[in-house]
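Worksheet for the structure shown next.
The values are calculated or read from the model by the stated rules, or taken from the named source; none is laboratory data. Bear in mind that the values here come from a model prediction, so they are computed numbers and not experimental data. Don't worry about glycine lacking a Cβ; one is built from the backbone with ideal geometry, like all the others, and counts go over all protein chains shown.
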Amino acid sequence: MRVNHVGEVCAQALYEGQAITTSDDSLKGFYRRSAQEEADHLAWTRQRLKDLGARPSLLNPLWFAGAFALGALAGKLGDRVSLGFTVETERQVEQHLAGHLERLPAEDAASRAIVSAMKDDEAAHADAAQALGAAELPAPVKGLMRAAAWVMTTTAHRI
């Protein structure tokens, strides 16, 4: 659950970075609404960590800063690229959450409900970004995003 919590810290930061770099008011609204939904996820995962007697990642400020910078960079590359970054990010998160659901014990209904709801919301964010005109990112960029996510999830799991 700590990794999921870090993901939500990063999601808020990504969306805020993207929101400040677009000049399109409707996209600002999309990013800010998405960030608010991620804030809900953050609250759910924070409470679940507390219920499980676990702590959040000690590196959350670093995760936030890095994700904000990535979101701003994506935004500076243009709205279509920024939306494409959103699509790819959310699709990768959706895959991570699907894997997490497979590994969660069937009797952990509380965690399963949280992860399932988050997975549905992430898919909706990706679909909305696609509908808003997302560009398809090149395969090497997607691969770099996967590698960065692996580093983040591996580190967040431990620290």
What residue, among those in the stretch 1-39 that are modelled with pLDDT of 90 or more and not in a helix (DSSP H, G or I), is surrounded by the fewest Cβ atoms within 10 Å (Cβ to Cβ)? Ser23
Only one residue in Glu16, Glu37 is touching a residue at least 40 places away in the same chain (Cβ under 8 Å) and more than 24 Å from Pro138 (Cα to Cα), so which one is that? Glu37
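In the stretch 120-137, what residues are in a helix (DSSP H, G or I) and either under 12 Å from the mean Cα position of the chain (by Cα) or more than 14 Å from Asp79 (Cβ to Cβ) (or both)? Step through it out loud before you land on a result.
Step one: list which residues in the stretch 120-137 are in a helix (DSSP H, G or I), which gives 120-131.
Selection gives Asp120, Asp121, Glu122, Ala123, Ala124, His125, Ala126, Asp127.
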Would you check if Ala135 is at pLDDT 90 or above, touching a Leu at 6+ places or on another chain (Cβ under 8 Å), farther than 18 Å from Glu16 by Cβ and surrounded by 13 or more Cβ atoms within 10 Å (Cβ to Cβ)? yes
Contact list, first residue from the stretch 136-152 and small (Gly, Ala, Ser), second anywhere and surrounded by 17 or more Cβ atoms within 10 Å (Cβ to Cβ) and in a helix (DSSP H, G or I), beta-carbon distance below 6 Å, six or more apart or interchain, is Ala149/Gln92
Test Asp79 against the stated conditions and say whether it is over 22 Å from Thr155 (Cβ atoms), touching a helix residue (DSSP H, G or I) at 6+ places or on another chain (Cβ under 8 Å) and either among the small types (Gly, Ala, Ser) or surrounded by fewer than 18 Cβ atoms within 10 Å (Cβ to Cβ) (or both). no
Please specify each residue of the stretch 79-119 satisfying the condition of being in a helix (DSSP H, G or I) and free of Cβ contacts under 8 Å to residues at least 12 places away in the same chain. Gln95, Gly99, Glu102, Arg103, Ala109, Arg112, Ala113
Looking only at the stretch 31-83, count how many residues are β-branched (Val, Ile, Thr) and under 12 Å from Ala13 (Cβ atoms). 0
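Of all residues in the stretch 1-42, how many are among the small types (Gly, Ala, Ser) and closer than 29 Å to Gly53 by Cα? Spell out how you get there, then give the answer.
Step one: filter the stretch 1-42 for residues among the small types (Gly, Ala, Ser), giving 7, 11, 13, 17, 19, 23, 26, 29, 34-35, 39.
Retained after the next criterion (residues that are closer than 29 Å to Gly53 by Cα): 7, 11, 13, 34-35, 39.
Number satisfying all stated conditions: 6.
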In the stretch 45-78, which residues are under 28 Å from Arg112 (Cα atoms) and outside any helix (DSSP H, G or I)? Leu52, Gly53, Ala54, Arg55, Pro56, Ser57, Leu58, Leu59
Would you be able to say whether some residue in the stretch 59-79 is closer than 28 Å to Ser23 by Cβ, in contact with a Ser or Thr (Cβ under 7 Å, 6 or more places away or on another chain) and among the charged types (D, E, K, R)? yes
Select, from Leu83, Leu42, Leu70, the only residue that is modelled with pLDDT of 95 or more and either closer than 13 Å to Ala134 by Cα or within 14 Å of the chain's Cα centre (by Cα) (or both). Leu83
